[in-house]
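What follows is a single structure, written as structure tokens, with notes after it.
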Amino acid sequence: MKRNPFPQAMLVIWGVMTALPLLWVVVTSFKDDAEILNDPWGLPGELRWSNFARAWSHGNIGKYFLNSVTVLSVSITLTMLLGATAAYALARYDFPGKRFVYFLFVGGMMFPAFLALVPLFFVVKNAGLLNTLPGLMLVYTAYSLPFTVFFLVAFFRTLPTQVAEAAMIDGCGPFAMFFKVMLPMAKPGLISVAIFNLLGQWNQYLLPVVLVSDSEDKYVLAQGLAALAVNEGYRGDYSRLFAGLTLAMLPVLIVYAVFQRQVQSGLTAGQLK
Amino acid sequence: MKHGKYPLLAAFLLPALGLYGYFVISPYAQAFVISATDWHGLSNEFNWVGLDNFKRLLSDEYMRNALWHNALLLILLPVITIVLALFFSSMLNVHRAKGAGLYKIIYFAPQVLSVAVIGVLWKEIYNPRSGLLNGTLRALGLDGLAKTWLGDPAVAFWAILAVMVWANVGFYVVLFGAAMQSIPKELYEAAELDGSSRWATLWRITLPLLWDTVQVAWVYLAILALDGFALVQIMTRGGPNFSTDVVGQRMYDVAFSENKFGMASAIGVVLFFLTLTITVAALRITRRERIEFS
Amino acid sequence: MTAQEIRRRTVLGTAAAATLAPAGLLAGCAMGSDDGKPKEEGQANAKNPLGVKEDAALEIVIFNGGFGEEYAKSHEVMYKENFPKAEIKHSAVTEISKTMQPRFIDGNPPDVINNSGAGQIDPGTLVSQNQLADLADLLNAPSLDQPGKTVRQTLLPGAVETGTFDGKTFILNYAYTVYGIWYSSKLFTDKGWQYPKTWDEHIALCKTIKAAGIAPWTYQGLHPRYMSWPVISTAIKFGGQQVAMNIDNLEPNAWTSDAMKQAASAWHQIVKDGYILPGSPGLDHKQSQTEWCNGKAAFISCGSWLENEQKAVTPAGFNMVVAPTPSLGSGDKLPFAAIRGTAGEPFVVPAKAANERGGKEYLRTMLSLKGAKDFTGKVSSLTIVAGAADGISLGSGLDSCVKALKDSGDKGFNWIYPVYYRKLERNLVDAACGEFFSGRIGPDEFLTKCQKGADEIAADTTFKKYKRSA
């Protein structure tokens, strides 16, 4: 078979097109403001680690980072727990109103989130959760449910029923069956959807801006970075901004690189056969 | 599974439903109600205006213009993204191109960038004077192709579309890649023995077997095409001369710079029904519904 | 009934249920509650003319943008010197609208808001929804540190009109901004160029500049409204203050008046003759201003924040200065020196603020000579307080603003339609300018397009209309 060089070239070109921007952000974070603005594509004159120090301390990135990690560690866990249980119930049981509940969840994917902002503020306030990190955790979880349920319902449907039936015959109760049999079987799918939720919640910006506004101590990373970015529009500490962006971007990239295989296999297992 | 069904259903569904109903459904439901008012979002004063907001929208030429762009996105974004993603993922998974593992990580990279970074980055790439794109074109002697990109109404929309495709292809490469791994190898080996080309293999074997996944991809991308306005907001705010305006941007402007929350909610409701219609249509075509709820 | 029909009904049913089910819960939600706090009020006396309650807490929200928040902290210290028992809550946010709006609905707004930035709350709506306190008592109160003068008497001419709606002042615009054409006085001295006073001189100089290998002009292409400022300024100087008044009042054909036509066709020449830096329409404000700082273009239109905004990239000795737009001809109603000066950086006291009097007192502190000097020193910007910049050494740009204002004297002018109808400038005029300065439409079409935008706003009953007569 003759080898056409075109496809390989396309792979390389696309690879460059996607890798370059990442490199650009990282390289830019070492430049000073004059270099960034005058020569956006040039290399930094020297490695200015002080940009990172400034972003971390003066830009409060350290604090925001910690807040993000705190919020996400709870909200991702909760999202997965509630999403998996609800999806399992919808996928494996029949009950009246099932279709209604399913569409109720999936319909949430189709509404632009910022429209709910103002009512949401009052909903959260009435619950006494305004300007609190727990409030943010619950809201993140709630807004991640549509995608999680949509994805996991499809996933649970593909799991073989024989195992479940065998477990039933062995006298396994329905709860034990879910936690001991189904959940382990669903692990690849759970990891995939957890990673996607992680990406979404890590970069979530609108919700925290409205729900946590009274003190910068409680800002999460995306919100803190946006605050920095808005400032740069006026004050110009671009180097600090890019250092902050790099600090925000790398952990997620590393998490993805580490779990890449699991994400892939989760998606594979989730395919409808 | 009759025995003990309802305790489990209650325990599994009610917490999720409760949280979802409280934080998601109830604010959205309020948005539906607000769409029938002239509320400005600054006090508790408002008047009921019935369907006035919707009537205004019908005759609003800016809204029509924005809808047209969403319609274009609705067709082009999924088509281009899916074709590219299919091509790349078949290269990486079926034909096992060199360095496939590395490509899979790199292609996904734009997904970890927040929209703000993507916006800043592409504004520099599209910079007509010092930008990478015009720089490359000029270096290749293609000066005639160098443009003002985001400053030219004839080009800006396509420039934004390109960024959307760029940012999303990686996800679908992974998604399709996963599906391709479950296609039996023998099929490809047979195809190779027959001497069929890569394109023919993709077209005759991979695509039909991936059809369900492609449909799901189309639904995700359609939803994105309808309300994904963040890039527009950051890169052009709908300009120049409304050439990149989309419904999401209209709604954002009406809500937050004109403070007309009644009208903005009406736009949101329209958007909701559009998305719903298209999703249901797509789901019906793929018959996923029947598979899931037989 | 077919299966498909059932499915459709389910979908619609879901949506309908989502609409109706929780409707009963709405009372007490987003549009519901409005339990304003009781007002904190004290006894007025000579030292405390506004009657502030001495121990009432004061909440200040600052826009964390170009000016940062440090200046506000020193104003707060000054306030505390006079009211030591008052507890001050200070916060600085970047998205004023999204963070403050729910508090307005809740009837629980802070006492002072610096309503600024891209995410500001639409000022026209704040006023039309009666959300702001009338600042008349503040303006008529005695100045804090200029004996014998009321606050109003200590301000620059025209300082309050940008915050005045139908005769009542609701918004205090604290910083004073000069809008004009900027150039590097070093470049001009080196090349032996003279800033042109008339349009013909301007065009002649553009020719010389272009011959020297520099583009005469660049502009903030992705925000082309910056170029509407010199066009409108040229028209006002040609046709007099009435030109601006008509535009602000949405008079029919205000944009297609003779003065506007003269101005637009004059400005069209820099497009036609290729005096604009190639690629400008695709540059955003930072990119174009950086090209200008790097000497790629000679002129740029901007406000006096330019110097601060460009600090990081301005070469040493660049010496940026501002100048008025050139006069069209000898028939101009206003002299060459007339320049657009206007108050910006809005501060408001919400009508429902618990400590409304304290909020106004805080503004009085800002408007003291000491408060204003401190601001100018900290953030390199002029304030509306007359004489507050005297004796402070500023950069070349701000020095030139002070001088330009002095030269302009009482011939200064301004327009405020962007305050009344934000959308008209930000969306509609902006789009028209983009088409005009990229050469896709001519001057007549440009003005027709602006007029069409103004007519749309005028016909749209959802915008409250304001008129001004001075």
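Please treat every number below as a calculation from the coordinates, not as lab data. None of the values given here were measured: they were computed from a predicted structure. FYI the Cβ positions are ideal-geometry reconstructions off the backbone, even for glycines, and counts take in every protein chain you see.
Worth a mention:
- Dipole magnitude for the protein assembly as shown: computed about the Cα centre from +1 point charges on Lys and Arg Cβ and -1 point charges on Asp and Glu Cβ, it is near 2100 debye.
- Where labels lie 7 Å past Cα in the beta-carbon direction, separation of B:Arg96 and A:Met10 in nm: 2.1 nm
- Positive-pole candidate from A:Ala89, A:Val193, A:Val74, dipole of segment A:60-270, charges at beta carbon: A:Ala89
- For chain B, a Gaussian network of Cα nodes joined below 10 Å ranks B:Pro15, B:Pro78, B:Pro128 by mean-square fluctuation, and the top entry is B:Pro15.
- Cross-link reach list, lysines versus C:Lys465, counting only Cα pairs under 25 Å and skipping chain neighbours closer than eight places: B:Lys55, B:Lys260, C:Lys98, C:Lys168, C:Lys352, C:Lys423, C:Lys449, C:Lys452
- FRET efficiency for the pair A:Phe100 and C:Lys39, taken as 1/(1 + (r/R0)^6) with r the Cβ-Cβ distance and R0 = 41 Å, rounds to 0.25.
- Sequence-separation-based contact order of segment C:363-449, relative, with Cα cut under 8 Å and 6+ spacing, percent: 14 percent
- Top of B:Phe157, B:Phe23, B:Phe261 by mean-square fluctuation, Gaussian network on chain B, Cα under 10 Å: B:Phe23
- Among C:Cys293, A:Cys172, the ranking by other beta carbons within 10 Å of each residue's beta carbon, starting with the fewest, stands as A:Cys172, C:Cys293.
- Over chain B: helical MRE at 222 nm, DSSP H runs n ≥ 4 each giving -39500 (n - 2.57), nearest 500: -21500 deg cm²/dmol
- Once the C-beta distance of C:Thr208 and C:Ala470 is scaled by a Förster radius of 41 Å, the resulting FRET efficiency is 0.50 to the nearest 0.05.
- For the protein assembly as shown, the share of alpha carbon pairs falling in successive 20 Å distance bins from zero is 12, 42, 34, 11, 1, 0 percent.
- In terms of other Cβ atoms within 10 Å, C:His202, C:His90, C:His285 run from fewest to most in the order C:His90, C:His285, C:His202.
- Here segment B:188-207 and segment C:386-460 have alpha carbon centers that stand 63 Å from each other.
- Anisotropy class of chain C from Cα gyration tensor, a/c 1.5 cut: oblate
- Computed [θ] at 222 nm, helices only, for chain C once each DSSP H run of length n ≥ 4 contributes -39500 (n - 2.57): -11500 deg cm²/dmol
- Relative contact order computed over chain A (Cα-Cα under 8 Å; 6+ residues apart), in percent: 31 percent
- With a Förster radius of 41 Å applied to the C-beta separation of C:Asp399 and B:Thr136, the computed FRET efficiency comes to 0.40.
- Unit charges at the beta carbon, dipole of segment B:61-292: most positive-side option, B:Leu226, B:Gly170, B:Val247: B:Gly170
- Non-local lysine pairs in segment C:353-414, meaning eight or more places apart or on different chains, with alpha-carbon distances under 20 Å, amount to 6.
- Just checking the listed ones, B:Arg64, B:Arg198, B:Arg138: in the Gaussian network model of chain B with Cα springs under 10 Å, the one fluctuating most is B:Arg138.
- Gyration tensor (alpha-carbon) shape descriptor, segment A:1-150, a/c threshold 1.5: oblate
- Judged by the ratio a/c of the largest to the smallest principal axis of the C-alpha gyration tensor, chain A counts as oblate, that ratio being 1.5 or greater while a/b is no larger than b/c.
- Relative contact order of chain B, defined on C-alpha pairs under 8 angstrom at six or more residues apart (%): 29 percent
- Cross-link partners of B:Lys185 among lysines (Cα-Cα below 28 Å; sequence separation of 8 or more within a chain): A:Lys2, A:Lys187, A:Lys273, B:Lys98, B:Lys104
- Chain B: proportion of alpha-carbon pairs further apart than 38 angstrom, %: 28 percent
- Taking the charge dipole of segment A:1-48 about its Cα centre, with +1 at Lys and Arg Cβ atoms and -1 at Asp and Glu Cβ atoms, the residue from A:Gly45, A:Val12, A:Trp24 reaching farthest to the positive side is A:Val12.
- Listed by Cβ neighbour count within 10 Å, with the fewest neighbours leading, B:Thr37, C:Thr189, A:Thr85 appear as C:Thr189, B:Thr37, A:Thr85.
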